[in-house]
Amino acid sequence: MATSKASSRFLFYGNSLCLDFVNTERMREGARVDLIESADDLWEWMLESGALPLDAVESGKRQLPGEVAVREAKELRAALRGMARQMAAGETVAPEIAEMLNAHLRRRRGYQQLTLGEGGWTRRFHSEDAQGMDFLFTLVDSAIDLLSGGQGLVRQCESNHCILYFFDTTKNHRRRWCCMEGCGNRHKAAEHYRRRKAKDSRHETLDEKTPL
Ligand SMILES: [Zn+2]
């Protein structure tokens, strides 16, 4: 299972880049919070998640995303949340969401390159995008991978107080929680408390019935 990086305020429980981006909106102390409020936030997430194409990082020429990029990223995130919700509900993903992904694909400028990396030969897309939007394509790619390979395996955390999504890659496909340390443990503790209370009240009832 993916984990959250120790010092990060972002969560990487999704097992999918596009779901990790959806999960930049989360619940905290009962309120919904958005972790992407500025271009700096977006930049930080792009670096931590690996959404930024490597050659853009390596070249060192990368510019901070502008306000337009933040707005477009949030629009895409809203569509990806819709996609996650529909996939988790076993519904067909709405045509307007597919069209939005297609619109991003049509805008893409660049070419595929054969590259020798640490793990051997890989295909890498070299972006010629000059607007700083290439990370959106990485998210779109991830969404397309999920749509084509993740049917029936996208879930929302079962906690009523949680809005996080994940791609269930467990062997038996029965993952229920965004993470065991958070919602999983809270559920376990609540179940334990509920069972103890039920047991206590059974004892009380028995005590009442027992003649002195
Ligand atoms: Zn959760």
Handout entry: Conditions (1) touching an Asp or Glu at 6+ places or on another chain (Cβ under 8 Å); (2) among the charged types (D, E, K, R); (3) at pLDDT 95 or above; number of the one not met by Glu91
Key = (1)
Practice task
Quick one: Arg174 ticks every box in (1) touching a Ser or Thr at 6+ places or on another chain (Cβ under 6 Å); (2) within 16 Å of the ligand (Cβ to nearest atom) except a single one, so which number is it?
Solution key: (1)
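Going by what's in this entry, would Glu158 be described as within 16 Å of the ligand (Cβ to nearest atom) and either at pLDDT below 90 or not assigned by TED's automatic domain parsing to the domain that holds Leu42 (or both)?
Answer is no for this residue.
For the range 116-134, state whether one or more residues are within 14 Å of the ligand (Cβ to nearest atom), not in a loop (DSSP other than H, G, I, E, B) and not β-branched (Val, Ile, Thr). Reasoning before the result, please.
Just the residues of the range 116-134 that are within 14 Å of the ligand (Cβ to nearest atom), to begin with: none.
No, the range 116-134 contains no residue that is within 14 Å of the ligand (Cβ to nearest atom), not in a loop (DSSP other than H, G, I, E, B) and not β-branched (Val, Ile, Thr).
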Exercise for the section: Determine, yes or no, whether Ile144 is surrounded by 10 or more Cβ atoms within 10 Å (Cβ to Cβ), within 16 Å of the ligand (Cβ to nearest atom) and of a type in the set (Val, Ile, Thr). Expected result: no
Handout entry: Of the criteria (1) under 22 Å from the mean Cα position of the chain (by Cα); (2) crowded, with 16+ Cβ neighbours inside 10 Å; (3) more than 25 Å from Asp168 (Cα to Cα), which one Asp129 fails
Key = (1)
Practice task
Show the residue pairs that are 6+ apart or on different chains and have beta-carbon atoms under 9 Å apart, the first residue being within the range 101-119 and farther than 30 Å from Arg81 by Cβ, the second being part of a loop (DSSP other than H, G, I, E, B).
Solution key: Tyr111/Glu128
Practice task
Considering each of Gly30, Gly60, Gly82, Gly66 in turn, give the residue that is within 16 Å of the ligand (Cβ to nearest atom) and either at pLDDT 90 or above or over 27 Å from Cys162 (Cα atoms) (or both).
Solution key: Gly30
Practice task
Mind listing whichever residues of the range 108-135 are at pLDDT 90 or above and among the small types (Gly, Ala, Ser)?
Solution key: Gly120
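The values are calculated or read from the model by the stated rules, or taken from the named source; none is laboratory data. Since the model is a prediction, treat every value here as computed from it, not as a measurement. Here the Cβ is made from the backbone with ideal geometry for all residues, glycine too, and neighbour counts use every protein chain on show.
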